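Report on the following structure.
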Amino acid sequence: MPHPRRTGRELDLDVVGEAADPATLIELMTRTRPQAVITDYSMPGGDRFGDGIKLISFLRRSFPETRLLVLTMVSNPSLVAAMYAAGARGVVLKSHGLGSLVQALRVVLADRVYRPPGLLPVAASEPADADAVRARLSPRELEVIRLFTGGMSVGDIARQLQRSAKTVSTQKISAMRKLGVDSDQALVEYCLQASLFA
């Protein structure tokens with residue numbers, strides 16, 4: 001959680017704390033009131049406050065003066081748009097390296113919004129269109145994703161659909177690749193944001 005400090009013409013950054021889970025992050029923010037926070041999109045131990053979109057929204061409501069910078073492996077434009085809609089001032093892809101993180105931090109500390117290069121722009125007011133998402137997936141992939149986001153395991157889905165677990169896993173991975181998500185959590189959040197099975 002950096003605080004800026006001006007020395008001469010350069011802007012130096014002071015790290016005022018580190019947190020390994022959402023509860024510690026919130027405690028530190030309450031105590032230090034930093035100008036900016038860099039948080040991982042997926043944080044362990046988020047039982048009480050959650051992580052991802054839920055945590056970003058909570059931090060934005062609770063600490064409106066703090067600029068939120070989200071570090072993530074998620075590159076799906078609709079999910080990134082959801083992060084901005086929830087209150088992130090910047091999103092940095094982990095694959096872009098430390099230089100991008102420092103650049104993004106300077107942008108948000110200057111009270112501007114940082115957008116990662118190389119991502120297709122998706123306005124925060126334009127969530128993923130459910131029909132467009134369905135059109136990208138085969139009927140079998142769509143069925144697997146519907147059951148998975150409903151809480152079933154790959155094994156349960158295989159038994160229900162009378163397919164092998166390997167086939168179901170392959171269909172799930174194929175759907176995730178087509179949707180541009182790289183984790184189960186990102187898949188569930190993408191489907192929720194797109195109201196895919198509402």
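Every number in this text was worked out from the coordinates using simple rules, so none of it is lab data. A quick note: this is a predicted structure, and the numbers were derived from the prediction, not measured. Glycine also receives a Cβ, built like all others from the backbone with ideal geometry; neighbour counts cover every protein chain displayed.
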### Task
With r as the distance between the Cβ atoms of Asp184 and Ser138 and R0 = 22 Å, compute the FRET efficiency 1/(1 + (r/R0)^6) and round to 0.05.
0.65
### Query
In terms of modelled amide H atoms, which long-range or inter-chain residues lie less than 5 Å from the amide H of Ala36?
Arg67
